[in-house]
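Here the structure comes first, spelled out in structure tokens, and everything after it is commentary.
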Amino acid sequence: MTQDSKDALRKQFFAHRKELGDQERQRQSAVLNDHLLSWYRRLEPSQRPAGKVTMTIKFGTEPDTDPVMHAFHADGVEVWVPVSHGDRSMSWVHWTPDVEMAQSRYGPIQEPVGERFGPQKVADADVVFVPALAADTAGYRLGKGGGYYDRFLEKLPQLTDRMPWLITPLFDHELFEAADQAFPIEDHDLPVQAVVTAASGFHWV
């Protein structure tokens, strides 16, 4: 599949999210948040030793997991969010509800202001919530095209002896059977361990 074809496919997935409408996106997001919080809170202490997660701040028509960030903070869990750079790498900033926000230099998104750290700072996180436009039942995901998380995930095994849980939250219609080949998978793509939707909860790979 050519890059133009992949870009066209991404536009379709973006359009499908918009077609859901605000009310349905919020309904699914609320159920999705319940799944995520219930799962993390049920983990044994040995399964979440760092008390640290990484998440992305909600933008546009993405699933709204911002309430989970606030709940984690209230629970005493450290929340780290990515900051994008021109070379398509990311650094990480500690997020709190009162952190100052500023618009990114590289897109129409808000990013927290604060000291920036390299990937080693979050390599010991309990969970890395990995964004996507779609994913399949084998854990492969279709990102937005920047490759930021692909580069980050590729580095993780070199930075830690205990890999974080890699989990992707999606809307119901964005999880596909692997056999359907709803989007192309390339050699460098790395699967996540679970995909979570409102309707089906956690799908473990």
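The values are calculated or read from the model by the stated rules, or taken from the named source; none is laboratory data. What you see is a predicted model; the values in this text were computed from it and never measured. Here the Cβ is made from the backbone with ideal geometry for all residues, glycine too, and neighbour counts use every protein chain on show. Heads up: the accessible areas ignore ligands, DNA and RNA and are worked out on the full protein's heavy atoms, side chains in. Shrake-Rupley method; radii C 1.70, N 1.55, O 1.52, S 1.80 Å.
Cβ under 13 Å from Pro164's Cβ, Pro164 left aside: what net charge do those residues give with Lys, Arg +1 and Asp, Glu -1? So the surrounding residues net to +1.
Of the solvent-accessible surface of the chain, computed with a 1.4 Å probe and all protein chains present, 49% belongs to carbon and sulfur. Longest stretch of the chain clear of exposed loop sites (chymotrypsin sites (Phe, Trp or Tyr not before Pro), DSSP loop, at most 15 other Cβ atoms within 10 Å, sites excluded): 107-205. Here Glu186 and Glu115 are evaluated by their C-beta separation; at R0 = 45 Å the FRET efficiency comes out at 0.85. Are there GluC sites (Glu not before Pro) in segment 73-119 that DSSP puts in a loop and that have at most 10 other Cβ atoms within 10 Å, and which ones? Those that pass, being in a loop and sparsely packed, are Glu100, Glu115.
Evaluated with a Cβ-only charge set (Lys, Arg +1; Asp, Glu -1), segment 1-120 carries a dipole of roughly 340 debye about its Cα centre, given to the nearest 20.
Annotation note: GluC sites (Glu not before Pro) in segment 130-205 located in DSSP loop regions with a Cβ neighbour count of at most 16 within 10 Å are Glu177, Glu186. Computing FRET efficiency as 1/(1 + (r/R0)^6) for His85 and Ala179, where r is the C-beta to C-beta distance and R0 is 30 Å, gives about 0.20.
Across segment 26-138, C-alpha contacts under 8 Å between residues 6 or more apart give a mean separation that, scaled by the residue count, equals a relative contact order of 27 percent. Placing +1 on the Cβ of every Lys and Arg and -1 on the Cβ of every Asp and Glu, with no other charges, gives the chain a dipole of roughly 220 debye about its Cα centre. Are there any trypsin sites (Lys or Arg not before Pro) in segment 1-104 that are in a DSSP loop and have at most 15 other Cβ atoms within 10 Å? List them by number. Loop-located and lightly packed - Arg88.
A Förster radius of 25 Å combined with the Cβ-Cβ distance from Glu100 to Lys144 puts the calculated FRET efficiency at roughly 0.50. Put simply, the amide H of His203, placed in the peptide plane, has neighbours under 5 Å in Val195, Val196, Thr197, leaving out anything fewer than 5 places away on its chain. Mind telling me which of Asp87, Asp75, Asp150 comes out most flexible in a GNM of the chain, alpha-carbon contacts under 10 Å? Fluctuation is largest for Asp87. Beyond 31 Å in Cα-Cα separation lie the following of the pairs Lys18/Lys121; Lys6/Lys155; Lys18/Lys155; Lys11/Lys52; Lys6/Lys52: Lys18/Lys121; Lys18/Lys155; Lys11/Lys52; Lys6/Lys52. Over the chain, accessible surface divided per residue gives 51 Å², non-protein components excluded, 1.4 Å probe.
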